[in-house]
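These notes are about the structure you will find just below.
Every number in this text was worked out from the coordinates using simple rules, so none of it is lab data. Keep in mind the model is a prediction, meaning the values are calculated, not measured. All Cβ positions, glycine included, derive from the backbone under ideal geometry; neighbour counts span all protein chains shown.
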Amino acid sequence: MKILYSICLLAACAGTAVAAEVQHDHGAMMHSQSKLWTQLPLLKPRMKGQDIASRSVSILPQNIAAAAIEAWSNDLHDANGHRQLSMEMGGAPLDKPATGGFQMLTAREVQGDTVRVASTVHYFGERGGKNPTAMFDQVKHELEIVPQPYPREHSRYRANEDWQFAVRFKGQPLAGHKVVLETSNGSRAEFMTDAAGVANVHVPDDFNTETVQSKAGSHGMRRGADFVLAVSHADGGQQYLTAFNSSYGEDAYSNRSLTMGLGFMLLGMLGAAPLLRKRQAAAKNEEPSNA
Amino acid sequence: MLKNLFPRLARFRFTVQIIMLFVTVYGGALLGSYTVDRISKALPSLSCAYDKMTGDHCILIVNQHQLHHRAGAALAKAGDVALNVFIPTLMSVGVFFLFFFFLNKAFCGWVCPLGTVQELLYKIGRRIGRPLNRFKQENVGKVRPVKWFMLLVLVLGLPTLAGMGTVANELGDPFCQVCPSRIATTLLTADTEQLAVRTGTGINFFLGALGNALFGFIIIAALAVRQPFCRICPLLSWNALFQKLSPMRLVKKDAHDKCAKCGVCEKACPMDIHEIGTSFGSKAFHEDCTLCGRCAEYCPDDDVIQLKFFGFKLFGSSRDYYKARVKFETPEGQPKKRVIPILRAKENA
């Protein structure tokens, strides 16, 4: 097992050293390069290929010894809806189902009486994906962190936003449970689940000029940082630790100016103002005027 | 029963517009967050992908992305334009056409949230006594080519060139950056992010400033001009490319000599299509028509102007309908002053 673990770590390092990723900037599928900034288990998608046509995705487990990655597609009735991705040197290649959409990915490690699970979501922006709610609702492991919801296309987790995550054990909500957040920018925070087992997680605004990469995406979204949420629970003499990781971007108003936006809007309004003036002849006759 | 509920086509259309405004602006919140990650992703109306609650988004952002990320990149490789690069684009156009086939340009006149917002503003303009600025026959032709320019340059040209690396990457979706619907629909969800101008690069700033100024211009102009943005909307030209391929259409019979002299249908047209008064047959279904049906409502001759689907009449003009219609509103959209019965009783007393 230790050998397997070492191979996974080596693969992770090799993956990190791979040349810069070229990614489509739809927020939900962006993941930045990172060092091992946490001890919690992670699943990192790695893109290869310079454009969409030649792009491939591999899933790299980090801080977890897993022989395979389990993948659930949003079409659970499909024969290939739940599948195992076998591990290769560069990670586990993730095939793209015909319907695309959201893919839930998990890796599981059992050592003695400890069960550790890493989980993440990868999004393929293809048409025809089915509603992923059933996929998220399906019980996959004993202890789970489920995004409620996961960001849609053209959206992503961003600093200073609140997002909800359900924590459940064997399908039942875990109320009053501690959820730990760690980010690759160095933040750490704790949140508690409510009576429905849902934690309201505030994404920290911990970017600074060093951590912000200058290359902007085509939709104004920048490559971001990574976060991981983790929850642990003991039951029946076993210790469970489950983590969910994803990426997040800067604050929505970063590199934007609302004041200038309002200013230019007012400028446009002023430009149209002459249209509102009644012309004398038209006013006299109460007839429509001509442009 | 439908006739009792909707005695006028205008009321029926307004009800559809309000329902579609909710579906396109708040649909995700109503139908579930993912809404299969939007219903079609290729709607023939300006429903914005930047709206975090939208139930669906327009085809233009999809086309810009496909040209930017797929076609442009493939063209840059000179000869590596594989068929699978264009399949997604064809798929999008196919899905778009599935919708478009049934409703044709009624997506502009009945579904588009920005169209509805402009109509509501125009109604407010009537209530507060603002003038109506119309385009004369000799002027309207100067505005019409702008929608083609918007389509060819902002939706097709620049995204492809950005994908090829010829122009800056920020020009990958230039139409979305200037589209007033992006700001209007996100503001309707109380989200001010899109109103804030991007300051990251000069191009981002320029496009953002232009988009905000255009948005400001449109919302004020809509008080005194009918459908100001629709006239230059690239989706109007995009839809015009397909309008002859749908069985839903506007038809006008060559009824009699006086028909071309009446001109009421021209006055009723919110797009200032003067040809509706003087042209007949297929020419009456102009490229700027949004199938709102106002010309049919205000035509005083029986069945001269009709909305037809597969040859079946959905709505046809009639003298009786016209008489009832003008009691409520002039062809230009000015509501008639109505005396509240209780006040009339007081006056009589």
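Shielding by partners for B:207-218, please: the mean number of other protein chain Cβ atoms within 10 Å of each residue's Cβ. Display every interim value, and only then the final one.
Working: counts 0, 6, 8, 2, 4, 9, 10, 4, 5, 12, 9, 3.
Mean number of neighbouring Cβ atoms from other chains: 6.
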Relative counts (whole %) of C-alpha pair distances in region B:198-322, using bins that are 5 Å wide
2, 11, 17, 19, 16, 11, 9, 6, 4, 3, 2, 1, 0
What does the average come to when, for each residue of peptide B:51-59, you count the partner chain Cβ atoms lying within 10 Å of its Cβ?
1
Report ³J(HN,Hα) in whole Hz for each residue of region B:299-312, in order, from the Karplus equation J = 6.51 cos²θ - 1.76 cosθ + 1.60 where θ = phi - 60°; Gly and Pro get x.
7, x, 10, 4, 6, 6, 10, 9, 9, 10, 10, 6, x, 8
A:Asn208-A:Leu258 FRET efficiency (beta carbon distance; Förster radius 22 Å; 0.05 resolution):
0.50
Partner shielding of A:152-161, as the mean number of partner chain Cβ atoms within 10 Å, equals 3
Ranked highest first by the average count of other Cβ atoms within 10 Å around their residues, in what order do B:110-119, B:19-28, B:325-334 fall?
B:110-119, B:19-28, B:325-334
Given R₀ = 56 Å, what would the calculated FRET efficiency be for A:Ser187 paired with B:Phe97, taking r from the Cβ atoms and rounding to 0.05?
0.70
Using unit Cβ charges (K, R positive; D, E negative) and no other charged atoms, how large, in debye to the nearest 20, is the dipole of region B:247-328 about its Cα centre?
240 debye
For labels at A:Ala273 and A:Lys178 in the simple 7 Å Cα→Cβ model, what's the distance in nm?
6.0 nm
Binned at 5 Å from 0, what are the whole-percent values of the Cα-Cα distance distribution for region B:2-238, short to long?
1, 7, 12, 17, 20, 17, 13, 7, 4, 2, 1, 0, 0
Taking the highest mean first, how do the peptides B:230-242, B:259-271 order by number of other beta carbon atoms within 10 angstrom per residue?
B:230-242, B:259-271
